[in-house]
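The values are calculated or read from the model by the stated rules, or taken from the named source; none is laboratory data. The model shown is predicted, which means the values in this text are computed figures rather than measured ones. We place every Cβ from the backbone using ideal geometry, glycine too, and count neighbours over all the protein chains shown. Side chains are part of the model used for accessible areas, which takes the heavy atoms of the whole protein and leaves out ligands, DNA and RNA. Shrake-Rupley method; radii C 1.70, N 1.55, O 1.52, S 1.80 Å.
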Amino acid sequence: DAVNSALSAPASAGAEVLEATAMGFASDVTVSLTVENGAIATFSVDASGETAGLGQRAMEDDFTSQFIGKSAPLTLGDGIDAISGATITSNALKEAVKAALAQAK
């Protein structure tokens, strides 16, 4: 509900950077994003403490770019692919995005 409320709220005058962290497989996973006109405008991930070749793939453009332009509800497997072999990291990302979006004004 928080994600849907955040994404349906009107955009503020300046894009606010929203950040949240969730525990991944080996470390914290942090997402930073902005919301404009109810959709994610920018999206980045710090998963540098996750397993190389698996969870760290969350930082690659191929993964992060799939969030741009998305609006709620966000569901892994429904327009957003999880990272194969990194289920815990993928779920941490989902929770961090949800927490970040809940901060939107």
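The GluC sites (Glu not before Pro) of the stretch 13-104 that meet both conditions, a loop assignment by DSSP and at most 16 other Cβ atoms within 10 Å of the site Cβ, are Glu16, Glu60. Label separation (Glu36 vs Ile68): 1.1 nm, computed from points 7 Å beyond Cα along the C-beta direction. For the stretch 61-105, a crude dipole built from +1 on the beta carbon of Lys and Arg and -1 on the beta carbon of Asp and Glu, taken about the Cα centre, is about 280 debye to the nearest 20. For the residues Lys94, Lys70, a 1.4 Å probe over the protein chains yields an accessible-area ranking, largest first, of Lys94, Lys70. Given a 1.4 Å probe and the protein chains as shown, Asp46 ends up with an accessible area of around 70 Å².
Take Ala26, project a point 7 Å from its Cα along the Cβ direction, then tell me which residues of the stretch 44-84 have their backbone nitrogen under 13 Å from it. Under 13 Å, as judged by backbone N against the label point of Ala26, lie 47-58 of the stretch 44-84.
Stretching Val17 away from Asp61 to a fully extended chain increases their span by 14.0 nm, per 0.36 nm per residue minus the current alpha-carbon distance.
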